[in-house]
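Note sheet for the following structure.
The values are calculated or read from the model by the stated rules, or taken from the named source; none is laboratory data. Because the structure is a prediction, the values reported are computed rather than measured. Heads up, the Cβs are rebuilt from the backbone with ideal geometry, glycines too, and the neighbour counts pull from every protein chain shown. Heads up: the accessible areas ignore ligands, DNA and RNA and are worked out on the full protein's heavy atoms, side chains in. Shrake-Rupley method; radii C 1.70, N 1.55, O 1.52, S 1.80 Å.
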Amino acid sequence: MYNKSKALFERAQHFIPGGVNSPVRAFKAVGGTPVFFERAKGAMLYDADGNEYIDYVGSWGPMILGHAWDPVIEAVKKAAEKSTSFGAPTEVEIELAELIKEMVPGLDKIRMVNSGTEACMSAIRVARGYTGRDKIIKFEGNYHGHGDSFLIKAGSGAMTFGTPSSPGVTKGTAQDTLTANYNDLEDVKRLFDENKGEVAALILEPIAGNMGCVPPNDGFLQGLRDLCTKEGTVLIFDEVMCGFRVAPGGAQELYGVQADLVTFGKIIGAGLPVGAYGGKDEIMKVVSPVGPVYQAGTLSGNPLAMNAGLALLSELHNNRKIYDELDQKTAHLEEWLHRVFKHHEITHTFNRVGSMLGVFFCEDKVTDFESCSKTDVQLFGRFFHGMLKRGVYLPPSAYESLFLSNALTQDHIDQTVEAAEETAEELAEYIQQAG
Ligand SMILES: *Cc1c(COP(=O)(O)O)cnc(C)c1O
């Protein structure tokens, strides 16, 4: 069933570290061999062995209207014929900036980069340049790409300074990153008190999507807003995942809280490599060539990527009912998965914001990194493989959110529920045997 994928994975490992160009793809978190894909259309994925899957990853978000969506394909083809890159300004960059400004609250200026990582790294540099301060606050379990400053875990207990969670990150860098518990305003207050006048930026996922899906508690975002205003700290919403996904204006629109800087990625490029950061004029005017904070990119504002993004975001802007449809489909899936797990007495809890769904195999509500870590990773691996062999592609890690696309039909969701029913029966047997 997976012969070609297995052979490709074997071959890839000779030339690419771990056989993959991004670690989660290697299936280490769920076991087994990664599936190599060949093509996709709408809600369906087709692998190298000719197996088909209903897709709940959507390239980690960008495929919000499904794969190979015709207007995006057309836009890319047209742009490619005119040149794949100029390394010089083009009109489409302005069009996309104008559109994003219309969609996202409080965005005066925006700078295009090539990935979410780059967007977050740059936003931090801008915040430091703007405030003249060095330290940043981030939250445990939030992911902001692989920039050095973000690869820091909280030390245990009352330790204030982070320790690097990856070799290659220097102690110096780690010392400037302070880590707080998600959804814990008191913890953030403590860090501000211990580092008076030193915190340049507080960065967070306003809806955490890299520890399953963890929404902000009531008042959490507003509390952070108030603290940052009081402390003169730049509040950065990392909307790489939730931007354009939970609402056209992302989490800022959904929760009515205004950040100072916002970062984007994933959906913004419709599947091409794009990221962006932007915010208030007052802050963005420190960015080169207007101001002294340097940030550049040979391929930034790439015409293929800009045209693809413009096609997708235009649809999301003009057709708001997409968000209602996504919400209904995801609510339906959530409800049925709940019934299936309940029927088989499988301990579970869900978190959902719009079309982001976190599936956890643990009892208590997941609100932060610690509660997220209680999910049964083994069981998730079994669930993942049970679904995979029944033609449903879930994120290959217990700590990732599902992303639904509007290409999913009622039929797809019914098939998914059927697959879950059969898989849950297997899981229940396994749990019984394991005692
Ligand atoms: C994916 C992600 C990033 C990193 O973006 P890349 O394009 O993978 O570099 C940053 N922040 C969040 C919230 C993300 O989900």
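Taking all protein chains together and rolling a 1.4 Å probe, residue 103 ends up with roughly 10 Å² accessible. Distance between the 7 Å Cα→Cβ label points at residue 434 and residue 171: 4.1 nm. Within the chain, the longest segment free of exposed loop sites, counting trypsin sites (Lys or Arg not before Pro) that fall outside DSSP classes H, G, I, E and B and have at most 15 other Cβ atoms within 10 Å, spans 29-195. Identify which of 150, 361, 403 has the largest mean-square fluctuation in a Gaussian network model of the chain, with springs joining Cα atoms closer than 10 Å. Largest GNM mean-square fluctuation: 361.
Taking the Cα centre of segment 70-318 as origin and assigning +1 to Lys and Arg Cβ atoms and -1 to Asp and Glu Cβ atoms, the resulting dipole is close to 540 debye. Qualifying GluC sites (Glu not before Pro) in segment 328-391, where qualification requires a DSSP coil assignment and no more than 15 other C-beta atoms within 10 Å, comprise 345, 363.
Rolling a 1.4 Å probe over the protein chains gives residue 364 an accessible area of about 100 Å².
Candidate cross-link partners of residue 196 among the lysines, defined by an alpha-carbon separation under 19 Å and a same-chain spacing of 8 or more, comprise 135, 138, 230.
Extents of segment 70-318, taken as max minus min of Cα coordinates on every principal axis and listed largest first, are 57, 35, 33 Å. Rounded to the nearest 20 debye, the dipole size of the chain about its Cα centre is 1140 debye, using +1 on the Cβ of Lys and Arg and -1 on the Cβ of Asp and Glu.
Accessible surface computed residue by residue for the chain, with neighbouring protein chains in place and a 1.4 Å probe, gives 44 Å² per residue. When the solvent-accessible area of the chain is split by element, carbon and sulfur atoms take up 50 percent of it, the probe being 1.4 Å. Projecting the Cα atoms of 347, 62, 12 onto the charge dipole of the chain (Cβ charges, centred on the Cα centre) puts 12 farthest toward the positive pole. Normalised by the number of residues in the chain, the mean separation of alpha-carbon contacts (under 8 Å, six or more apart) gives a relative contact order of 22 percent. So which of 109/266; 266/389; 78/101 end up more than 23 Å apart, counting from Cα to Cα? The pairs that break the limit, which is 23 Å between Cα atoms, are 266/389; 78/101. Extents of the chain, largest first, come to 59, 57, 46 Å (Cα atoms, principal axes, whole angstrom).
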